[in-house]
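A short write-up of the structure that comes next.
The values are calculated or read from the model by the stated rules, or taken from the named source; none is laboratory data. The structure presented is a predicted model; accordingly, all values stated were derived computationally and were not measured. Glycine also receives a Cβ, built like all others from the backbone with ideal geometry; neighbour counts cover every protein chain displayed.
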Amino acid sequence: MKATEILMEEHQVIERVISALEKAANRLNRGEDVYLRFFIGASVLMKGFTDSYHHKKEEVLISALVNHGLPKDTGPLVTAMLAEHEEGRRLSQLMRQLTERLQAGDVRARPQVVQSALGYVKLLRKNIYQENTYIFPLVEKVLPPNQQEQLVAAFERFESREDGEDIHEKYYGLADRLVKECLR
């Protein structure tokens, strides 16, 4: 499997979760009862999987492109992608903080939870589209097969932590639970 195929597979997992997040945020916005721990779980997945795992792999891929001759600023699309990763981190953290306030009884945080969740959904959909449509095809054109194999090897090092925990398995399981939880 190529590095870009691994990342696109992970995009599918992320898309499932952000679709569930969108449903939960819309339900919350309509005043329906929503299991608020869902938003906390989603933020855990966003931080641990999307940001610390998936986006770090994408950033390794961008470094490989730069090392293979792409200009250091890598153009507006890549610069925007990296800025979107930062904005995603901010929105995820904000959603968690606001959800904790709502759980503590601050009903004024409700619309802000909705806004941060839907903002995150919109941002990630745009980011995934741009990467799948523009960045990953560029990788296929620019990086030779041996460089792509090195990327896959680097990605595999992300799979297991030093304590032996399989990060991939952990977060795919969490994604499945979140999608099911959203249906409650």
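Just to be sure, is Leu61 crowded, with 16+ Cβ neighbours inside 10 Å and over 11 Å from the mean Cα position of the chain (by Cα)? It would help to see each step written out before you state the result.
Details: crowded, with 16+ Cβ neighbours inside 10 Å: yes; over 11 Å from the mean Cα position of the chain (by Cα): yes.
So Leu61 passes the test.
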Unmet requirement for Glu156, which otherwise passes all of (1) in contact (Cβ under 8 Å) with a residue 24 or more places away in the chain; (2) among the charged types (D, E, K, R); (3) closer than 16 Å to Lys57 by Cα: (1)
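Quick one: which residue in Ala83, Ala117 is modelled with pLDDT under 95 and either part of a helix (DSSP H, G or I) or over 18 Å from the mean Cα position of the chain (by Cα) (or both)?
Numbers: Ala117 fails: modelled with pLDDT under 95.
Only one candidate qualifies: Ala83.
Gly31: under 14 Å from the mean Cα position of the chain (by Cα) and over 28 Å from Ile135 (Cβ atoms), yes or no?
No, not satisfied.
For segment 114-133, state whether one or more residues are within 20 Å of Asp33 (Cβ to Cβ), free of Cβ contacts under 8 Å to residues at least 40 places away in the same chain and among the polar types (S, T, N, Q).
Kept after step one, since they are within 20 Å of Asp33 (Cβ to Cβ), are these residues of segment 114-133: 114-118.
Filter once more, so that each one left must be free of Cβ contacts under 8 Å to residues at least 40 places away in the same chain: 115-116.
Pick out the ones that are also among the polar types (S, T, N, Q) and you get 115-116.
Yes; the residues of segment 114-133 include at least one that is within 20 Å of Asp33 (Cβ to Cβ), free of Cβ contacts under 8 Å to residues at least 40 places away in the same chain and among the polar types (S, T, N, Q).
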So how many residues does segment 25-56 have that are surrounded by fewer than 17 Cβ atoms within 10 Å (Cβ to Cβ) and under 28 Å from Phe155 (Cα atoms)? 6
Considering segment 14-68 alone, what residues qualify as being touching a His at 6+ places or on another chain (Cβ under 7 Å) and over 19 Å from Arg125 (Cα atoms)? none
Return the pairs, sorted by first residue and then second, in which the second residue is surrounded by 15 or more Cβ atoms within 10 Å (Cβ to Cβ) and among the small types (Gly, Ala, Ser), the first residue lies in segment 93-111 and is touching a residue at least 60 places away in the same chain (Cβ under 8 Å), the beta carbons are less than 8 Å apart, and the residues are 6+ apart or on different chains. Thr99/Ser43; Thr99/Ala109; Leu102/Ala109
Could you please tell me which pairs satisfy a Cβ distance under 8 Å, a separation of 6+ or placement on different chains, a first residue in segment 34-54 that is on the phi < 0 side of the Ramachandran plot, and a second residue that is part of a loop (DSSP other than H, G, I, E, B)? Tyr35/Arg184
Just one listed residue, out of Leu28, Leu21, Leu7, is assigned to a helix (DSSP H, G or I), under 24 Å from Leu138 (Cβ atoms) and of a type in the set (A, V, I, L, M, F, W, C), and it is Leu7
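Quick grid of which residues meet (1) of a type in the set (A, V, I, L, M, F, W, C); (2) under 15 Å from Ala25 (Cα atoms):
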{"position": "Pro111", "(1), (2)": "no, yes"}
{"position": "Tyr129", "(1), (2)": "no, no"}
{"position": "Lys141", "(1), (2)": "no, no"}
{"position": "Leu151", "(1), (2)": "yes, no"}
{"position": "Tyr172", "(1), (2)": "no, no"}
Assess whether Ile14 counts as being β-branched (Val, Ile, Thr), modelled with pLDDT of 90 or more and surrounded by fewer than 19 Cβ atoms within 10 Å (Cβ to Cβ). no
Quick check: is even one residue across segment 136-158 modelled with pLDDT of 90 or more, within 16 Å of Ile40 (Cβ to Cβ) and touching a helix residue (DSSP H, G or I) at 6+ places or on another chain (Cβ under 7 Å)? no
